[in-house]
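Novice: Sharing a structure below in structure tokens format, with a few things to ask.
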Amino acid sequence: MNIAIKLLATLFTISLPTYLISVLISVKPISAQVGDFCQFEEVAIAEKENLRLAAFAEKADSTKLKDYQALVKKHQQALKDCRQKSWLKTQGVWLRLYPCDLRSGKLEELMDKIVERGYNQVFVEVTTNGKVLLPRSENNTAWDSLVNSEKYEDADLLKLAIAKGRERGLKVHAWVFTMNFGLGYAKGIERNGLPKFNGDRQNAIARNANGDTTVSVIESLGKNNEGEIPNIDQLFIDPYNYQAQNDLYKLVSEVAKRKPDGIAFDYVRYKRGAGAASVVSNVRYLWIYGQASLQALRDRAQNLQGRELIIRFLKQGFVTPNDLKAVKKLYPQEDAPLWQGLRPTMATKEPPLSYWQSELWRLAVGHAFVGVTYYLNTVSKPALQQGIPSSIAFFSDGNQPVGGGFDSRMQPWHLFSRAYEWRPMAYAACGKPNCIVAQVQKVVLNAPLGAKVSPILVGQWQDLPINELVDQRPSLELQMQSIRKELPTISAISHFAFGWQNIPLTRSRQFCKL
């Protein structure tokens, strides 16, 4: 019994009624959440864990199950109350599921741990390692199901995760890879017996002028500037390609049927180039040489001279005085090359070659950017049309000019609509929160009026052991407190990723046999 309560009861024995003394003695200390981040105390965590283990044991205890469910509901309300009082109304986390999460009580365990860390939002990855989180019996997409066995062909991990999360007061968002389809894209056989990877899907893969695909070009080994470890399981598509649009549209439609609380679109960009190619300054290294993208770029010409000059620029990576003479000779009936967005020249006579070089490069960059936004607006329709909130995860420096070129990811977040919630990935690694806050500030200052900005952070809680994936960043607490100080309008933040907060649990889930 709490010593302070004992003392209080002793002091007031003479003057207080007996029934009131008994109430004081029976009161337990509040052990729900502590501080701004709404994390549960160890006593509350252990109590729920013991009930869960008993409820889902091989010889389940029905009484324990009822007690467990009651405590889950109690914690749901406690988390809700805490978040309403906190400056941080929404604290989310990004989660990858594995087949073994179908085991009895395992999804419950995951969602409990998420709640206990104070999270009231979770982003569940839909496309994991090139496979999709849809039941095999209902999967008509271009990806095989993550749980791909006859025994579990009706297992719907996404639907189950949404249900288990909501039981605990979590808002469950589906996390969709947008232009990165993964190496598992179109592997296997269609229901009609034909290979999924047909000619149309081969043409859907993004290419540069050398014929390289985003599969053949691998990022440099080691961490990049954001401290991320490169992911070699990548296959990026041509956003202008109809087959790619149709394949993801169908996947998003299936996700929308499960009514998540939102859909978050990630990889809304091209692949980062390797080494020096992480900055691209020549059109030949842009991922715009797929058939559909090339055709769309040629069609931006507004006369025949313009079309011919665009073709020569794409082939060579530059144009020469002889190219200008040649297009005039080919189409003498036209005064000058024309294409969409061509800025008027100030020259009184013939514009200098530098003008045409600059305008052609600007056209190519704009074409790459617009392809991303057009593709996003196409594939997100099933969500937006059903009123499912949609958001975009992006890098604040992914659209930046660098020297005479651009960041090769060509991520045009400056063109994104306020119809989406903006989730800038503030992953800067300078050992202090300053550079992280600066990334968020940049987005807030440049976002359209009315756009909600909800940063994504990488890091570790203070009470968890540091791991190599996050060792160049301050604790999550310090990052969030710094954002609050500099940007008090921010009320939603998420963390990447839950799997990094408990590496042993993640590995046991990843490698176990269902």
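Novice: On the basis of being free of Cβ contacts under 8 Å to residues at least 60 places away in the same chain, of a type outside the set (D, E), surrounded by 19 or more Cβ atoms within 10 Å (Cβ to Cβ) and closer than 30 Å to A419 by Cβ, does L376 make the cut? Give the steps one after another, and end with the answer.
Specialist: Numbers: free of Cβ contacts under 8 Å to residues at least 60 places away in the same chain: no; of a type outside the set (D, E): yes; surrounded by 19 or more Cβ atoms within 10 Å (Cβ to Cβ): yes; closer than 30 Å to A419 by Cβ: yes.
Answer is no for this residue.
Novice: Find the residue count for segment 481-504, including only residues that are in contact (Cβ under 8 Å) with a residue 24 or more places away in the chain and under 30 Å from R103 (Cα atoms).
Specialist: 10
Novice: Only one of A155, A142, A186, A204 is over 21 Å from Q243 (Cβ atoms), among the hydrophobic types (A, V, I, L, M, F, W, C), in contact with a helix residue (DSSP H, G or I) (Cβ under 7 Å, 6 or more places away or on another chain) and in contact (Cβ under 8 Å) with a residue 24 or more places away in the chain. Can you tell me which?
Specialist: Details: A142 fails: over 21 Å from Q243 (Cβ atoms); A186 fails: over 21 Å from Q243 (Cβ atoms); A204 fails: over 21 Å from Q243 (Cβ atoms).
Only one candidate passes the filter, namely A155.
Novice: Being in contact (Cβ under 8 Å) with a residue 60 or more places away in the chain and among the acidic types (D, E) is the filter; apply it to segment 110-139 and report the residue that is surrounded by the fewest Cβ atoms within 10 Å (Cβ to Cβ).
Specialist: Only one residue fits best here, namely E138.
Novice: Related question: Filter segment 239-254 for residues that are more than 15 Å from the chain's Cα centre (by Cα) and farther than 28 Å from Y285 by Cβ and give the result.
Specialist: Across segment 239-254, the qualifying residues are Y249, K250, L251, S253, E254.
Novice: Within 23 Å of A161 (Cβ to Cβ), touching a residue at least 40 places away in the same chain (Cβ under 8 Å) and surrounded by 16 or more Cβ atoms within 10 Å (Cβ to Cβ): is that true of R272 in this structure? Working first, answer last.
Specialist: Numbers: within 23 Å of A161 (Cβ to Cβ): no; touching a residue at least 40 places away in the same chain (Cβ under 8 Å): yes; surrounded by 16 or more Cβ atoms within 10 Å (Cβ to Cβ): yes.
No; evaluated as a whole, the condition is false for this residue.
Novice: Taking I503, is it touching a helix residue (DSSP H, G or I) at 6+ places or on another chain (Cβ under 8 Å), surrounded by 13 or more Cβ atoms within 10 Å (Cβ to Cβ) and among the aliphatic types (A, V, I, L, M)? Working first, answer last.
Specialist: Values: touching a helix residue (DSSP H, G or I) at 6+ places or on another chain (Cβ under 8 Å): no; surrounded by 13 or more Cβ atoms within 10 Å (Cβ to Cβ): yes; among the aliphatic types (A, V, I, L, M): yes.
Against the criterion (touching a helix residue (DSSP H, G or I) at 6+ places or on another chain (Cβ under 8 Å), surrounded by 13 or more Cβ atoms within 10 Å (Cβ to Cβ) and among the aliphatic types (A, V, I, L, M)), I503 does not qualify.
Novice: Need the failing condition index for F318 against (1) at pLDDT 95 or above; (2) more than 29 Å from E421 (Cβ to Cβ); (3) of a type outside the set (S, T, Y); (4) assigned to a helix (DSSP H, G or I), just the number.
Specialist: Evaluating F318 over (1) at pLDDT 95 or above; (2) more than 29 Å from E421 (Cβ to Cβ); (3) of a type outside the set (S, T, Y); (4) assigned to a helix (DSSP H, G or I) leaves (4) as the failure.
Novice: Let me ask something additional. Based on this model, can you work out whether I229 counts as buried (at least 23 other Cβ atoms within 10 Å of the Cβ), out of contact with any Cys (no Cβ under 6 Å at 6 or more places or on another chain) and either within 19 Å of T178 (Cβ to Cβ) or at pLDDT below 95 (or both)?
Specialist: Working: buried (at least 23 other Cβ atoms within 10 Å of the Cβ): no; out of contact with any Cys (no Cβ under 6 Å at 6 or more places or on another chain): yes; either within 19 Å of T178 (Cβ to Cβ) or at pLDDT below 95 (or both): yes.
Criteria not met by I229.
Novice: Mind counting the residues in segment 378-394 that are assigned to a helix (DSSP H, G or I) and over 16 Å from the mean Cα position of the chain (by Cα)? Before you say what the answer is, go through the steps one by one.
Specialist: Within segment 378-394, the first condition is being assigned to a helix (DSSP H, G or I), and the residues that meet it are 378-379, 381-385.
Now narrow it down to the ones that are over 16 Å from the mean Cα position of the chain (by Cα): 378, 381-382, 384-385.
Qualifying residue count for the region: 5.
Novice: So how many residues does segment 163-217 have that are more than 21 Å from the chain's Cα centre (by Cα) and assigned to a loop (DSSP other than H, G, I, E, B)?
Specialist: So the answer is 22.
Novice: Looking only at segment 61-72, count every residue that is surrounded by 13 or more Cβ atoms within 10 Å (Cβ to Cβ) and of a type in the set (K, R) and tell me the total. Outline the logic, then answer.
Specialist: Step one: of segment 61-72, the residues surrounded by 13 or more Cβ atoms within 10 Å (Cβ to Cβ) are 61, 64-65, 67-69, 71-72.
In the following step, the residues that additionally are of a type in the set (K, R) were identified as 64.
Within segment 61-72, residues that are surrounded by 13 or more Cβ atoms within 10 Å (Cβ to Cβ) and of a type in the set (K, R) number 1.
Novice: Return the only residue of A383, A368, A301 being under 30 Å from A256 (Cα atoms), touching a strand residue (DSSP E or B) at 6+ places or on another chain (Cβ under 6 Å) and either surrounded by 16 or more Cβ atoms within 10 Å (Cβ to Cβ) or not small (G, A, S) (or both).
Specialist: On the way: A368 fails: touching a strand residue (DSSP E or B) at 6+ places or on another chain (Cβ under 6 Å); A301 fails: under 30 Å from A256 (Cα atoms).
It is A383.
Novice: Step by step: first the residues of segment 66-94, then only those that are of a type in the set (A, V, I, L, M) and part of a helix (DSSP H, G or I), then the one that is farthest from S494 (Cα to Cα). Which residue is that?
Specialist: Just the residues of segment 66-94 that are of a type in the set (A, V, I, L, M), to begin with: 70-72, 78-79, 88, 93.
Still in the list and also part of a helix (DSSP H, G or I): 70-72, 78-79.
Working: A70: 28, L71: 25, V72: 22, A78: 20, L79: 16 Å.
Filtering segment 66-94 for residues that are of a type in the set (A, V, I, L, M) and part of a helix (DSSP H, G or I), the one farthest from S494 (Cα to Cα) comes out as A70.
Novice: Suppose the filter is more than 26 Å from F236 (Cβ to Cβ), free of Cβ contacts under 8 Å to residues at least 24 places away in the same chain and surrounded by fewer than 22 Cβ atoms within 10 Å (Cβ to Cβ); does K85 pass it?
Specialist: Judged against the criteria, K85 is a match.
Novice: Further, regarding this structure: Looking at (1) surrounded by 14 or more Cβ atoms within 10 Å (Cβ to Cβ); (2) assigned to a loop (DSSP other than H, G, I, E, B); (3) not β-branched (V, I, T), which is the one condition that is false for D463?
Specialist: For D463, the failing item is (1).
The values are calculated or read from the model by the stated rules, or taken from the named source; none is laboratory data. Everything numeric here is computed off the predicted structure, so don't read it as measured data. Please note: Cβ atoms are built from the backbone with ideal geometry, for glycine as well, and neighbour counts cover all protein chains shown.
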